[in-house]
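Single-structure report; data block below.
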Amino acid sequence: MLQKPLVPILRIARLLLTTSIKQQARLMSSTRKDNFFLRQLFDTENSTYTYLLADKSSREAVLIDPVLEFAERDAKLITELGLKLLFAMNTHMHADHVTGTGKLKSLLPGTKSVIGKNSGAQADVHLVEGDLVKFGDFELLAAATPGHTNGCLTYICHKQEMAFTGDAVLIRGCGRTDFQEGSAETLYHSVHSKIFTLPDNYTLYPAHDYRGQTATSVGEEKKFNPRLTKPLKEFVHIMNTLNLPYPQKIDMAIPANKVCGLY
Ligand SMILES: [Fe+2]
């Protein structure tokens, strides 16, 4: 009985030995039937991640959390890859940098800016809980995850088993809750009801990382997040005693981000 599975394994091994590296790559990608494209981009000044997602067949793309100073880099990449940017999306109204969605609209005409309705910011498209943003064969589901700000959204791609959490869940951390209508209690409930209820294997992509990590998973954060694994009361105490410095760019970033899609 133990020998039976060896036959198909050997067959695959033999096939791989007789095919070129290019053919192997094609074979493996067609086996995955995967038209999904994801590229993680980094803002070296504010440690913000921007995510380019696309359907490789239709070439339709969306960009999550672009940064103003890197909008030209992103537009160049999108053009080089032959993608059509449908939506330049924000997970929330950022306080640490100015969004690149407005600039991308002028660099790539036809692009629409997107943000959560509860953010109070202007944009072409306002999302609420349960809205779907489609690009080719894929879609992002908007889940309201307030707490860091009122309008925070997490974008979930069930087909690819991943979610873009903005500042709601960071790798082994979470966004601060001491300004922009922040509420530690609200954030705790958002994460536990909307993100930690996703399957453990879902990959989580945050809006920032300051320690050189790029992604995490639901299972990992449920186990190792030093704040969100605590009971609610303890979490609120941690968040209320962080004593973080006032964000350097907040006075400039918030007024600019209030008109994120238009200027
Ligand atoms: Fe933020």
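Is it the case that S190 is part of a helix (DSSP H, G or I) and among the hydroxyl-bearing types (S, T, Y)?
On the way: part of a helix (DSSP H, G or I): yes; among the hydroxyl-bearing types (S, T, Y): yes.
Yes; evaluated as a whole, the condition is true for this residue.
Could you please find all residues in the stretch 202-239 being of a type in the set (S, T, N, Q), buried (at least 19 other Cβ atoms within 10 Å of the Cβ) and outside any strand (DSSP E or B)?
N225
Inspect all residues belonging to the stretch 169-182 and state whether any of them is more than 16 Å from the ligand (Cβ to nearest atom), farther than 28 Å from F135 by Cα and not hydrophobic (A, V, I, L, M, F, W, C). Explain how you work it out, then say what you get.
Of the stretch 169-182, the ones more than 16 Å from the ligand (Cβ to nearest atom) are 172.
From what is left, the residues that are farther than 28 Å from F135 by Cα are 172.
After this cut, where a residue has to be not hydrophobic (A, V, I, L, M, F, W, C) as well, the list is 172.
Among the residues of the stretch 169-182, at least one is more than 16 Å from the ligand (Cβ to nearest atom), farther than 28 Å from F135 by Cα and not hydrophobic (A, V, I, L, M, F, W, C), which makes the answer yes.
On the given criteria, is E185 among the acidic types (D, E) and farther than 19 Å from L53 by Cβ?
Here the answer is yes, as E185 does meet what is asked.
So, in the stretch 146-167, exactly how many residues are within 14 Å of the ligand (Cβ to nearest atom) and touching a residue at least 40 places away in the same chain (Cβ under 8 Å)?
Qualifying residue count for the region: 12.
Output yes when any residue across the stretch 170-177 is of a type in the set (K, R), touching a residue at least 60 places away in the same chain (Cβ under 8 Å), within 18 Å of G116 (Cα to Cα) and in contact with a helix residue (DSSP H, G or I) (Cβ under 9 Å, 6 or more places away or on another chain), and no when none is.
Checking the stretch 170-177: not a single residue is of a type in the set (K, R), touching a residue at least 60 places away in the same chain (Cβ under 8 Å), within 18 Å of G116 (Cα to Cα) and in contact with a helix residue (DSSP H, G or I) (Cβ under 9 Å, 6 or more places away or on another chain).
May I ask you to list the residues in the stretch 117-145 that are within 16 Å of the ligand (Cβ to nearest atom) and out of contact with any Ser or Thr (no Cβ under 8 Å at 6 or more places or on another chain)?
Correct list: N118, G120, A121.
For residues that are exposed (fewer than 15 other Cβ atoms within 10 Å of the Cβ) and touching a Gly at 6+ places or on another chain (Cβ under 7 Å), scanning just the stretch 177-201, find the one that is farthest from M239 (Cα to Cα).
It comes out as N201.
Going through the stretch 208-235 one residue at a time, which ones are in contact with a strand residue (DSSP E or B) (Cβ under 9 Å, 6 or more places away or on another chain) and aliphatic (A, V, I, L, M)?
The answer is A215, V218, L228.
Please verify whether the stretch 86-107 includes one or more residues that are of a type in the set (D, E), buried (at least 24 other Cβ atoms within 10 Å of the Cβ) and within 16 Å of the ligand (Cβ to nearest atom).
Scanning the stretch 86-107 turns up no residue that is of a type in the set (D, E), buried (at least 24 other Cβ atoms within 10 Å of the Cβ) and within 16 Å of the ligand (Cβ to nearest atom).
When you go through (1) in contact (Cβ under 8 Å) with a residue 40 or more places away in the chain; (2) more than 16 Å from the ligand (Cβ to nearest atom) one by one for H208, which number turns out not to apply?
(2)
Every read-out reported here was derived from the displayed coordinates using simple, explicitly stated rules and does not represent laboratory data. Since we're looking at a predicted model, the values are computed, not measured. Reconstructed Cβ throughout: ideal geometry from the backbone, glycine too, with neighbour counts over all protein chains shown.
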